[in-house]
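Take a look at the structure below.
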Amino acid sequence: MKHRTVSRPACLRLLLVLLPAALGVLLPASPAWAHAQLLGSSPAADSVMAKAPTTLTLSFDGPVKQRYTTVVVTGPDKTSYSDGAPSVVNGDVRQKLRPLPTGRIQVTWQTVAADGAPLQGRYTFTSTDTAAAASARPSSSLTAGTSPSTARTSPSTAPQASPPARSVARAGSGGTVDWPWWAAAGALVATSAALLAFGVLRSARSASRSDRRRR
């Protein structure tokens with residue numbers, strides 16, 4: 001019974017076919033390897049609110065850790081209007097707010113994904129609610145930063161737990177470093193290139209030996 005053997009050129013052709021196919025499978029799968037991402041917020045970035053919100057919500061596509069989550073909401077007067085610590089349920093972060101002033105409101109947040117990757121970002125929205133602004137004028141104690149709610153939420157008066165320094169998140173509305181995917185893709189390309197070079201070298205040596213035997 002004869003056994004069929006696959007020639008080295010055939011192996012090389014098979015490798016050249018499989019490499020693009022493997023990359024084609026790996027590239028669409030990259031989002032599954034990425035860390036949690038910010039899907040949206042309420043109020044939304046750059047929105048104009050005729051009625052000032054009393055709660056701010058950040059929605060992520062994966063669970064985040066409450067221990068490392070902070071949300072600081074500041075008005076044009078640089079005063080924090082966050083009311084207490086944020087609550088986290090899976091991928092939803094909710095931050096209660098004190099009455100907001102009119103003008104541009106800045107939201108600065110940071111958290112840690114379930115896989116340990118730190119996330120951070122900031123955005124702004126505008127409040128035109130004059131009724132809420134009338135009750136939002138801080139007293140002297142609020143301006144000085146001595147109110148209990150301000151003391152709980154102000155980064156300068158309350159120590160925050162430092163997230164593990166596993167990777168550095170990009171600033172903006174939210175984002176993370178996808179270095180595991182790039183490392184895997186680089187390793188796949190390097191391995192395939194090495195196998196291809198090895199196969200070409202062996203084929204060249206075999207051809208040289210065959211020529212010598214014929215002579």
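The values are calculated or read from the model by the stated rules, or taken from the named source; none is laboratory data. These numbers come from a predicted model, not from an experiment. Reconstructed Cβ throughout: ideal geometry from the backbone, glycine too, with neighbour counts over all protein chains shown. Heavy atoms of the whole protein, side chains included, go into the accessibility calculation; ligands, DNA and RNA do not. Shrake-Rupley method; radii C 1.70, N 1.55, O 1.52, S 1.80 Å.
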Cross-chain or 6+ apart pairs with Cβ under 7 Å, segment 85-112 first and closer than 19 Å to Y68 by Cα and touching a residue at least 40 places away in the same chain (Cβ under 8 Å), then surrounded by fewer than 19 Cβ atoms within 10 Å (Cβ to Cβ) and among the small types (G, A, S): G91/S59; G91/G62; K96/G84
Looking only at segment 65-81, and only at residues there that are among the hydroxyl-bearing types (S, T, Y) and over 14 Å from T111 (Cβ atoms), the one that is farthest from the chain's Cα centre (by Cα): T79
Any pair with Cβ under 6 angstrom, 6 or more apart, that starts in segment 118-146 at a residue that is open to solvent by 70 Å² or more (accessible area, probe 1.4 Å) and ends at one that is at pLDDT below 95: Q120/A169
Hits in segment 97-116 (condition: modelled with pLDDT of 95 or more and in a loop (DSSP other than H, G, I, E, B)): R98, P99, L100, P101, T102
Tally of residues being under 14 Å from R122 (Cβ atoms) and surrounded by fewer than 22 Cβ atoms within 10 Å (Cβ to Cβ) across segment 86-106: 2
Members of segment 69-85 found to be within 15 Å of L58 (Cα to Cα) and either of a type in the set (D, E) or surrounded by fewer than 21 Cβ atoms within 10 Å (Cβ to Cβ) (or both), listed by number: T70, V72, A85
Failed condition for A45, given (1) modelled with pLDDT of 95 or more; (2) surrounded by 14 or more Cβ atoms within 10 Å (Cβ to Cβ); (3) out of contact with any Phe, Trp or Tyr (no Cβ under 6 Å at 6 or more places or on another chain): (3)
